[in-house]
Amino acid sequence: MLLNQFLLLAAILFSIGVYGVIVRRNGVLVLMSIELILNAVNINLVAFSTFHGLDGQVFALFVIAVAAAEVGVGLAIVLLIYRNRRSVDIDELDELKG
Amino acid sequence: MWFLTHTWLLPAIMALSFLLILFFGKRLPRKGSEIGVTAVGICFILALFTAGGWWNHTNADSSEAAAGTAVAAATADEGDPEAEAAALSDVEPGCSKVVDELGTNADDGNSNALGLTEGESAGRATAAPASAAMASDGEGRGPTKPVVRCSTWFETGVAGSSLITIGTMVDGQSVFMLFVVTIISMLVHVYSTDYVKGDRRYTHYFAFLSLFTASMLFFVLSQSTIQMIVGWELVGVCSFALIGHWWEEKPNSNAALKAFLTNRVGDIGLLVGMIVLYFAADKSFSILDINILASNGGIDHGLLLLASCCLIAAVMSKSGQFVLHTWLPDAMAGPTPVSALIHAATMVVAGIYLVARLYPVFWEGLSIAGSSVNLLALVGAVTAMFGALLAFVQKDIKKVLAYSTVSQLGFMVTALGVGAWTAAMFHLFTHAMFKACLFLGAGSMSHACHHSFNMVDDYGGLRKIMPRTFWTYLIATGALAGIFPLSGFWSKDEILAGHGSFFSDGANGTYHLMLVMLIIGAFCTAAYMTRTIWYSFYGEYRGHGTPHESGPRITVPLIILATLGAVVGVLNLPKKIGPIEFPESLHTQFEQFVEPVGAYFPSISHASFNIPLALGSLAVAGAGIGLTYLYYWHDGLKFFQGLSERNAVAGFGKNVLVNKYYFDWLYTDVITGFVKGPAARATNWFNQKVLDGVVDGAGATAVAAGEWVYDNIDQKVVDGAVNGAGVTASESGGVLRHLQSGRIQQYTALFFAAAALLAGVFVVAIG
């Protein structure tokens with residue numbers, strides 16, 4: 001097993017995640033794409049930890065915990081948006097326009 | 001000795017009299033005149049005693065000196081400091097720095113006394129033979145011992161000159177002036193009680209007579225130059241008040257102002273001169289210091305010249321010398337007794353007295369000895385000649401006498417200028433007597449002729465009506481003209497001989513030009529005085545009413561003065577006239593007791609009497625009288641009758657004289673007119689155009705500069721920067737706001753793009 005195979009996988013996952021975040025209109029799917037990005041990072045951390053000690057795995061656990069919290073807050077926001085607008089299309093959420 | 005040390009009493013008494021008259025005069029039965037007459041009488045007696053005291057003092061000195069002659073002769077080459085120290089032993093400590101030093105040095109046996117350095121000692125040694133020669137001249141006089149007393153007036157606090165003293169300096173010169181001032185003042189007081197009787201300011205008049213006398217006595221006794229200035233100014237103020245006594249009439253108050261203001265011109269010279277002398281004499285105001293340092297070469301010649309020129313300006317105004325004499329004839333606006341006092345004993349002789357008092361300054365400064373012309377002599381001679389010419393065309397008898405005074409003062413100034421110090425003082429003395437007599441005589445006539453002084457129109461034929469006035473006036477005229485043996489002959493002849501010109505020997509220099517001018521002056525004097533006699537006493541009475549002889553209070557002073565004017569000449573008889581030798585107790589008494597000898601006076605020599613000159617001047621005076629006599633009494637000299645109408649040149653000459661050489665025209669029309677006309681306009685123009693132009697221009701420039709700054713700097717640069725910053729911010733905001741689309745995904749895309757870019761850069765940079 002070579003490290004670069006894991007890195008390649010993580011890169012693909014990361015790219016898919018970024019693509020999802022940038023392109024998808026559905027808020028839930030955006031959140032899911034963010035999960036993909038985070039997991040791509042987790043793969044990287046775990047892959048490097050097999051060569052350099054267990055620090056990466058501890059970090060990965062932290063990231064999983066933080067990601068869980070993040071998704072909790074994110075879903076709550078999306079739910080509230082939906083309650084107010086009857087839609088989770090984030091293209092319509094442009095009140096921050098300057 | 002008591003009288004010599006207490007001469008301060010004289011001015012004090014007169015000043016007290018002034019105050020008493022001013023405060024209590026009106027309540028007294030004689031309206032204050034009794035106080036004045038009593039006070040001046042006491043002063044006269046004191047002056048007599050002072051003169052007696054001085055007589056004894058000098059005689060004692062002479063015998064002492066005679067005893068020490070042999071010793072003095074032996075030590076004469078060394079400048080004889082001890083004898084001089086002894087001579088100044090009557091000077092109170094503190095009155096003179098030089099004398100104080102001399103005293104301490106003499107105690108130490110230091111021969112280098114008088115503060116002389118080596119070089120100056122050498123200079124002094126050359127002067128010593130002159131004094132030795134004088135002593136061998138048979139005069140045998142020891143140094144004069146002036147009696148000086150002083151007290152501190154105030155302290156200046158300036159280092160080196162902390163004390164300003166006030167006091168009395170008594171020597172022959174001041175003693176004889178005390179006598180002159182008090183006797184003339186006394187007679188004038190007595191005369192005035194009749195002359196100004198019933199005047200509306202009778203009390204005021206006597207008060208000022210007292211103050212006038214006090215000021216003059218104060219001036220005469222001066223111990224320091226500051227005191228002299230004070231006395232000088234006091235005399236000026238009093239003359240102002242008395243000339244303007246009848247100020248209700250405009251010409252009178254104008255005359256008073258003119259006298260005062262003209263004197264101010266010369267007073268500038270006085271102040272400058274005194275200040276120069278103060279610094280020149282090592283910061284001392286003491287007259288003794290100044291005189292001693294000036295005569296022993298302790299003061300630079302240039303400084304002395306400067307000081308004497310300044311002081312000559314003062315003399316020109318105070319003593320009515322050309323060109324500042326114009327106030328003096330106008331001063332006739334005052335009451336006649338005042339004119340007599342001003343012109344005989346006070347005021348105008350102050351200038352002469354000043355020169356005589358500070359004589360070493362002039363002697364050294366103008367190099368009087370051995371020269372043939374100097375400023376002082378020239379001013380005097382010009383005055384003597386031109387003043388006498390002016391007296392010819394006056395109708396007013398007092399103006400004739402006024403110009404005569406101007407001319408006679410010129411004689412005195414010339415005498416001082418040519419080195420005939422004693423002659424000048426003696427002429428002052430004799431002139432005081434006969435000129436006072438003439439003025440009072442004129443007053444007596446005006447008293448008789450309805451207060452008119454116009455002798456041509458209102459007098460005539462008074463000889464029979466006023467015999468006493470006539471005879472006294474005649475005697476005084478003779479004295480003034482210099483007729484033998486009246487007093488004026490002796491004093492005038494001494495002055496003429498003192499020029500050292502033709503025939504004379506023993507004088508200090510050779511002043512031919514001045515002698516000629518004075519002889520012309522003497523001729524004119526005789527002639528114009530004869531003219532006044534013709535108009536006043538001969539012919540028919542031309543005035544109104546019936547004239548009458550004046551009362552005894554007027555005629556008695558006249559008789560006294562005429563007598564004195566006739567006989568005082570014997571006080572200074574020459575040593576010998578041709579073959580006739582006078583015994584020692586008769587000749588040159590005035591010189592012996594008045595002229596100082598010693599460190600504080602230059603060693604002047606005296607011209608001897610010479611018969612050709614005396615006969616010549618007598619002939620000139622006689623010619624003046626004779627020609628005038630022919631002209632008026634016998635209608636002779638037909639050629640001259642009405643000459644000024646027939647001949648243009650003579651007419652022009654007369655016009656010049658009638659207009660007083662156009663001096664008044666020059667002063668009032670040209671100078672004053674120029675100042676208030678063109679000069680004032682030019683100044684105004686200058687002020688309006690140039691000064692205001694500069695100021696206005698500066699203002700306008702500032703406004704323009706301000707506007708330019710506002711328009712260009714403030715509006716464009718400063719506001720431009722501020723606005724530009726705002727505009728830049730707003731426009732860049734306008735550009736940047738498009739980035740703020742509110743689309744989160746766009747932000748995210750940017751974020752990742754930037755992150756990728758940075759990562760790329762990072763990799764390239766590190767890698």
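No lab work stands behind these numbers, since they all come straight from the coordinates. Bear in mind that the values here come from a model prediction, so they are computed numbers and not experimental data. Cβ placement follows ideal geometry from the backbone for every residue including glycine, while neighbour counts extend to all protein chains displayed.
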For the range B:615-754, with equal point scatterers placed on the C-alpha atoms only and solvent neglected, what are the log10 I(q)/I(0) values from the Debye formula at q = 0.09, 0.10, 0.19 1/Å, to two decimals?
-> -0.73, -0.78, -1.16
If we count every other residue with Cβ under 13 angstrom of B:VAL190's Cβ, Lys/Arg +1 and Asp/Glu -1, where does the sum land?
-> +1
Sequence-distant lysines (8 or more away, or on other chains) whose Cα lies within less than 16 Å of B:LYS283 | B:LYS97
Total charge dipole magnitude, the protein assembly as shown, about the Cα centre, Cβ charges on Lys, Arg, Asp, Glu only, Debye to nearest 20 = 3380 debye
Once amide H atoms are built 1.01 Å from N in the peptide plane, which residues 5 or more positions from B:VAL170, or in another chain, come under 5 Å H to H?
-> B:VAL147, B:VAL148, B:ARG149
Please list the radius of gyration and Dmax for chain B, considering alpha-carbon atoms only, with Å as the unit.
-> 38.1, 153
Directionally averaged projected area (convex hull, Cα atoms, the range B:714-762), nm² | 5.0 nm²
Taking +1 at the Cβ of each Lys and Arg and -1 at the Cβ of each Asp and Glu, which of A:PHE6, B:ALA704, B:TYR632 sits farthest along the dipole of the protein assembly as shown towards its positive end, judged by Cα position relative to the Cα centre?
-> B:TYR632
Of B:PHE429, B:PHE484, how do they rank once you tally other Cβ atoms within 10 Å and put the fewest first?
-> B:PHE484, B:PHE429
Hey, in chain B, which Cys have no second cysteine's beta-carbon closer than 4.7 Å?
-> B:CYS43, B:CYS238, B:CYS309, B:CYS310, B:CYS437, B:CYS449, B:CYS524
In this structure, the FRET efficiency calculated for B:TRP153 and B:GLN589 from their beta-carbon separation, with R0 = 45 Å, to the nearest 0.05, is 0.80
Please report, in debye to the nearest 20, how large the charge dipole of the range B:539-679 is about its Cα centre when each Lys and Arg carries +1 at its beta carbon and each Asp and Glu carries -1 there.
-> 340 debye
Cα-projected label distance for B:THR672 with A:ALA65, points at 7 Å along beta-carbon direction, nm = 11.9 nm
Membrane-span-like helices in chain B: DSSP H runs reaching 18 Å or more (Cα, own axis), mean Kyte hydropathy at least 1.0?
-> B:9-24, B:172-195, B:202-220, B:225-243, B:301-318, B:375-390, B:512-537, B:552-567, B:611-633, B:744-766
Would you compute the Debye intensity of the range B:234-391 from its alpha-carbon atoms alone, equal scatterers and no solvent, and pass along log10 I(q)/I(0) at q = 0.15 Å⁻¹ to two decimals?
-> -0.80
Mark the label point 7 Å from the Cα of A:GLN5 along Cα→Cβ and return the residues of the range A:38-64 whose backbone N is within less than 18 Å of it.
-> A:43-52
Would you mind putting A:29-36, B:344-351, B:663-670, B:233-240 in packing order, based on average other-beta-carbon counts within 10 Å, highest first?
-> B:344-351, B:233-240, A:29-36, B:663-670
Expressed as a whole number, the average count of other chain Cβ atoms within 10 Å around the Cβ atoms of B:740-750 is 5
Amide proton proximity set for B:TRP246, modelled H, under 5 Å, gap of 5+ | none
Between B:TRP153 and residues 5 or more places away or on another chain, which pairs have amide H atoms under 5 Å apart, with H built 1.01 Å from N, and which residues are they?
-> B:ILE164, B:THR165, B:ILE166
The convex hull of the Cα atoms of the protein assembly as shown, divided by residue count, gives a volume in Å³ per residue of 385 Å³
